[in-house]
1. Suppose we filter 2, 111, 60, 102 for residues that are surrounded by 13 or more Cβ atoms within 10 Å (Cβ to Cβ) and among the hydroxyl-bearing types (Ser, Thr, Tyr); which single one remains?
2. Restricting attention to segment 378-398, which residues are touching a strand residue (DSSP E or B) at 6+ places or on another chain (Cβ under 7 Å) and in contact (Cβ under 8 Å) with a residue 24 or more places away in the chain?
3. Checking the structure you have, find out if any residue of segment 29-39 is surrounded by 15 or more Cβ atoms within 10 Å (Cβ to Cβ), in contact (Cβ under 8 Å) with a residue 60 or more places away in the chain and in the same structural domain as residue 112 (by TED's automatic domain parsing).
4. Consider only pairs whose beta carbons are under 7 Å apart and that are at least six residues apart or on different chains; among these, list those whose first residue lies in segment 192-214 and is assigned by TED's automatic domain parsing to the domain that holds residue 132 and whose second residue is at pLDDT below 75 and assigned to a helix (DSSP H, G or I).
5. Based on this model, can you work out whether residue 103 counts as among the charged types (D, E, K, R) and at pLDDT 90 or above?
6. Would you pick out the residues in segment 298-352 that are more than 19 Å from residue 262 (Cα to Cα), in contact (Cβ under 8 Å) with a residue 24 or more places away in the chain and part of a loop (DSSP other than H, G, I, E, B)?
7. Tally the residues that are over 20 Å from residue 78 (Cα atoms) and either touching a residue at least 24 places away in the same chain (Cβ under 8 Å) or not assigned by TED's automatic domain parsing to the domain that holds residue 57 (or both), restricting the search to segment 145-162.
Amino acid sequence: MSLGQHLEELRRRVIYCVLVVIGAAIVAWIVRAPIMAILVRPHALAMAAFDRDATLNFASYLEPVMAQMKACIIVALVVTAPFLIYQTWAFVAPGLFPHERSKVMKLVVPSLLCFAAGVLFGYFVFIPTVFHYLLVLAGPGTQPVLMIGSYLSTFFLLTFAMGVAFQTPVVVACLIRWGIVSAQALQRQRKVMILTAFVVAAVITPPDPVSQVLMALPLIVLYDLGVLVAAPSRSTLKSFGQFTGVIAALLVGIALWANYWPVAHATALRGQATLAGQGMSVGVSVPVRRGVQCVVQENGLVRVSLGGASLYLAGPGSLLVHGSGKVTLQRGDAMAESPGKGQGVAVYAGPATATVAGARAEVDAPDADTTRVAVFAGEVKIRSGGAEEQVKAGRQQTFYSGGRPTDLSGAEKRWQDLVSTPGPPAGK
């Protein structure tokens with residue numbers, strides 16, 4: 001074929017690809033509601049763990065429309081990927097030698113499978129874990145206001161990054177099979193690879209250690225897997241098994257510590273109560289791990305033991321445990337007591353945070369904008385609106401967000417009477 005014929009062939013296949021992607025994007029826009037529900041699922045899971053609203057906000061009228069259009073185009077590219085790959089291959093293949101075409105064909109299926117595995121790992125494991133951990137780092141005294149555009153950009157970036165990262169075994173196997181580098185050389189450079197994996201993970205992922213480790217460790221495992229697949233031997237199998245075993249044990253240990261290691265114990269003293277959605281039997285002590293919510297029904301009472309401190313939650317109320325010394329009183333009335341002057345317990349409630357150490361105090365959160373603290377013994381440190389003060393025994397302090405509540409019915413009636421009073425007739 002002449003150069004002009006090549007260009008005409010390229011133009012024809014590009015037009016086919018563009019038309020198919022546009023058609024798929026239009027279909028995706030029609031069914032964008034379930035698509036957005038799937039894309040927002042990791043965010044919803046992370047917010048649900050902290051009993052927070054998962055609504056995504058926007059700063060302009062165009063932002064949600066543009067964000068959804070971008071999501072539909074990306075989904076269309078993913079759905080039409082087989083057709084796009086075929087068109088690309090149909091244009092490139094005639095210019096390759098038979099042995100080159102054979103090599104490329106052997107890479108297509110493993111590459112697609114690895115990319116799909118990376119996307120699934122990112123969607124079900126990596127992204128929800130990262131979002132959950134970032135909310136933990138933000139602290140219980142903060143309130144996220146997440147924009148739909150920035151969320152979708154972060155979601156697609158992390159998903160694509162995991163898909164590309166999972167291409168590591170394919171790349172390593174090609175380097176060995178094509179004679180570019182030997183398996184022994186790659187094994188000798190494992191320390192360099194480990195350092196490189198953590199550097200790459202630090203650049204791609206958010207600036208926190210959990211997301212960096214969650215990306216770096218699969219990269220290292222996939223590196224060894226690629227060496228094993230390309231040059232199977234006792235040495236490569238032993239190296240893969242040893243390192244993978246250490247990483248698996250480390251990941252299991254971290255997961256057990258984060259999700260199952262108890263930071264407190266809860267006991268239902270009376271009435272009905274649930275812990276992480278499970279019913280609690282009266283008088284039975286139940287271990288409490290991080291991020292678990294305790295809900296007490298009307299006339300119920302639960303004691304939460306956190307190290308040297310105790311907290312009693314009276315129903316109806318809801319409490320979220322962040323650690324051995326931090327809880328969020330989402331609603332209801334709680335009595336916190338800490339006999340020692342040590343760490344004590346920090347109770348986040350609405351606009352204020354009460355730190356009870358060597359004291360006994362009642363913390364009441366009737367709504368999200370009001371916090372009342374009554375001190376029975378000792379002194380309680382209160383932080384609200386960037387200011388800090390001490391509330392002494394026998395005193396009570398109330399903190400508000402957005403102004404004090406007041407009865408406006410009288411003023412409203414007076415203005416209604418003024419506005420509705422007819423004026424004098426015209427001309428008099």
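1. Details: 2 fails: surrounded by 13 or more Cβ atoms within 10 Å (Cβ to Cβ); 60 fails: surrounded by 13 or more Cβ atoms within 10 Å (Cβ to Cβ); 102 fails: surrounded by 13 or more Cβ atoms within 10 Å (Cβ to Cβ).
Just a single option satisfies the conditions, and that option is 111.
2. If the condition is that a residue be touching a strand residue (DSSP E or B) at 6+ places or on another chain (Cβ under 7 Å) and in contact (Cβ under 8 Å) with a residue 24 or more places away in the chain, then 380, 381, 382, 383, 384, 391, 393, 396, 397, 398 are the ones that fit.
3. Yes, segment 29-39 has at least one match.
4. 205/211; 208/137
5. On the way: among the charged types (D, E, K, R): yes; at pLDDT 90 or above: no.
No.
6. 298, 299, 300, 339, 340, 342, 350, 351 - these are the residues of segment 298-352 that are more than 19 Å from residue 262 (Cα to Cα), in contact (Cβ under 8 Å) with a residue 24 or more places away in the chain and part of a loop (DSSP other than H, G, I, E, B).
7. Narrowing segment 145-162 to residues over 20 Å from residue 78 (Cα atoms): 145-148, 150.
Adding the requirement that they be either touching a residue at least 24 places away in the same chain (Cβ under 8 Å) or not assigned by TED's automatic domain parsing to the domain that holds residue 57 (or both) leaves 145-148.
Total meeting the criteria: 4.
Rundown of residues vs (1) in contact with a Pro (Cβ under 9 Å, 6 or more places away or on another chain); (2) of a type in the set (S, T, N, Q); (3) within 30 Å of residue 177 (Cβ to Cβ), yes/no style:
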| site | (1), (2), (3) |
| --- | --- |
| 2 | no, yes, no |
| 33 | no, no, no |
| 43 | yes, no, no |
| 85 | no, no, yes |
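The values are calculated or read from the model by the stated rules, or taken from the named source; none is laboratory data. Just so it is clear, the structure is predicted and the values come from calculations on it, not from any experiment. We place every Cβ from the backbone using ideal geometry, glycine too, and count neighbours over all the protein chains shown.
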